Amino acid sequence: MRRKHLTTWSEPMASRFPAARAALCAALALTLLPAPLRAQEAASGGRDCTASPAPLPPDLASWSARGSAQAARDAAGLSGARLAIGGAVDAALLPTGDVHYVTRPEKPGGSVSYGGLFAFDVTGAGTYRVALGSGAWVDVLRDGKPVASSAHGHGPACSTVRKMVDFPLKPGRYVLQVAANGEATLPILVTRAP
């Protein structure tokens, strides 16, 4: 008895399954795009982001007028690395090997990554959001202990806000630990969540 060979993808087969063919072609085309373009497509939510950036909601309004800040290398330097609630900065980070974290970050990054420490004060209890321009790892500490985050997400579509992490905070002083960033500069904003 002769065995039949599996049918190869041919025009007769393609005409019987046009939806499958279209899906396969689309998937293959996406794999041909460079990784940064695929990431941009994912961050845009499928929208065309070639025009000017999308307007940001009021809690992120300062993102487009960032100041500057230098990260501290250890807890002793936090007095010079203060973040104001609602004020976005382009933070200058340090090579990971030069940073002495208060608590070891869950994802500290490798020898070619960047990080640092910042202090900020909360005057009213509520949910506060840390917005970042990259996928860096962040910890918020109170009295040397990590505060559990309450939500994670991406920034608004077609914006340069890449990651947002929410934390339930009470009045007091906090330390923001940044780790595993791929570049020496990172846009950061700590703001009260809407």
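Each reported figure results from applying straightforward, stated rules to the coordinates on display, with no laboratory input. Keep in mind it's a predicted model, so treat the numbers as computed, not measured. Note: ideal-geometry Cβ built from the backbone for every residue, glycine included; neighbour counts use all protein chains shown.
Order of 137-148, 115-126 by packing, highest average Cβ count within 10 Å first?
115-126, 137-148
Pull up all non-local amide H partners of Thr185: gap of 5 or more, or a different chain, and H-to-H distance under 5 Å with H placed in the peptide plane.
Under 5 Å from the amide H of Thr185 lie the amide H atoms of Leu93, each far enough along the sequence or on another chain.
Residue by residue through segment 138-151, which ³J(HN,Hα) values in whole Hz follow from phi under the Karplus form 6.51 cos²θ - 1.76 cosθ + 1.60 (θ = phi - 60°), with glycine and proline marked x?
Values per residue, Gly and Pro as x: 10, 10, 10, 10, 10, 6, x, 10, x, 8, 5, 6, 10, 6 Hz.
Separation of segment 104-168 and segment 52-99 by C-alpha centroid, Å?
A separation of 11 Å, based on Cα centres.
Between Ser64 and Ser150, what length in nm is gained on full extension when 0.36 nm per residue of separation is reduced by their alpha carbon distance?
Details: separation 86, 0.36 × 86 = 30.96 nm, distance 2.56 nm.
Contour length minus Cα-Cα distance gives 28.4 nm.
Run through every distinct alpha carbon pair of segment 58-192 and return the Kirkwood hydrodynamic radius in angstroms, one decimal place. Show your work: numbers first, answer last.
Details: mean 1/r = 0.0691 Å⁻¹.
Final number for the Kirkwood radius of segment 58-192 is 14.5 Å.
Whole-Hz ³J(HN,Hα) for each residue in segment 72-86, computed from phi via Karplus 6.51 cos²θ - 1.76 cosθ + 1.60 with θ = phi - 60°, x for glycine and proline: what do you get?
Once θ is set to phi - 60°, the couplings for segment 72-86 become 7, 8, 7, 4, 5, x, 5, 5, x, 10, 9, 10, 8, 4, x Hz.
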